Amino acid sequence: MKGVTYIDNWQSDCSDSEPRKAMEVLGGDQWFDVYSEATKHGVVVVGGNSLTVGAAGGYSLGGGHSALSPMFGLAVDNILEVDVVIADGTLLTANKCENTDLFWALRGGGGGTFGIVTRMVHKAHESPSNFFKWDFMLTASRKACKDADTDCATDIDAAFLEFVSWTEEN
């Protein structure tokens, strides 16, 4: 169940639905899949910093803070539609006009406790003029860590989180 799809004029079946940019993700897609597709189309999606986290799961359903949240809200605010298998095996689509109680519940009222999400549609936004993406991989050999008398895994994670916190404040 993987397959991120960018949709330039996505519309729900709701009668008052206006076409908008959207990103459809399946249950097995991770944020790196979503960001890769979004970059191809010059859009951004409110998502997580940890690229291996599922894009149709608990991060989004539980709120989802992002570097883009000050501009576009939390990840949960950017969910347009969800397909979910409920306890009796029924596949339901939930959005602002269909299964609205389930849509409300999924978006912050308990998330994954209501069923298994198989598809989620996120709002896609034009990339802000001051937005940039930076990918990097930091590696350290066990010998280098031992020679430096440090626990590299803990210290590198702490330094990265301190950097992220600093960038959000400055």
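Are any of the residues in the range 135-155 open to solvent by 70 Å² or more (accessible area, probe 1.4 Å), under 27 Å from Gly28 (Cα atoms), at pLDDT 95 or above and more than 17 Å from the chain's Cα centre (by Cα)? For the range 135-155, residues open to solvent by 70 Å² or more (accessible area, probe 1.4 Å), under 27 Å from Gly28 (Cα atoms), at pLDDT 95 or above and more than 17 Å from the chain's Cα centre (by Cα): absent. Which residues, taken from the range 64-95, are over 13 Å from the mean Cα position of the chain (by Cα), closer than 17 Å to Gln11 by Cα and of a type in the set (S, T, N, Q)? If the condition is that a residue be over 13 Å from the mean Cα position of the chain (by Cα), closer than 17 Å to Gln11 by Cα and of a type in the set (S, T, N, Q), then Thr93, Asn95 are the ones that fit. In the range 82-99, the residues that are under 19 Å from Gly28 (Cβ atoms) reach residues that are open to solvent by 70 Å² or more (accessible area, probe 1.4 Å) and charged (D, E, K, R) with C-beta atoms within less than 9 angstrom, at least six apart or across chains, in these pairs: Val82/Arg107; Thr93/Asp13. Scanning the range 42-74 for residues being open to solvent by 40 Å² or more (accessible area, probe 1.4 Å) and either at pLDDT 95 or above or in contact with a Leu (Cβ under 9 Å, 6 or more places away or on another chain) (or both) gives a total of 1. Which numbered condition in (1) closer than 19 Å to Val34 by Cα; (2) open to solvent by 10 Å² or more (accessible area, probe 1.4 Å); (3) of a type in the set (A, V, I, L, M, F, W, C) is the only one that Val85 fails? Among (1) closer than 19 Å to Val34 by Cα; (2) open to solvent by 10 Å² or more (accessible area, probe 1.4 Å); (3) of a type in the set (A, V, I, L, M, F, W, C), the lone unmet condition for Val85 is (1).
Residues in the range 25-36 that are modelled with pLDDT of 95 or more and open to solvent by 40 Å² or more (accessible area, probe 1.4 Å): Leu26 alone.
The values are calculated or read from the model by the stated rules, or taken from the named source; none is laboratory data. The structure presented is a predicted model; accordingly, all values stated were derived computationally and were not measured. All Cβ positions, even for glycine, are placed from backbone atoms using ideal geometry, and neighbour counts span all protein chains on display. Surface areas here come from the heavy atoms of the whole protein model, side chains and all, with no ligands, DNA or RNA. Shrake-Rupley method; radii C 1.70, N 1.55, O 1.52, S 1.80 Å.
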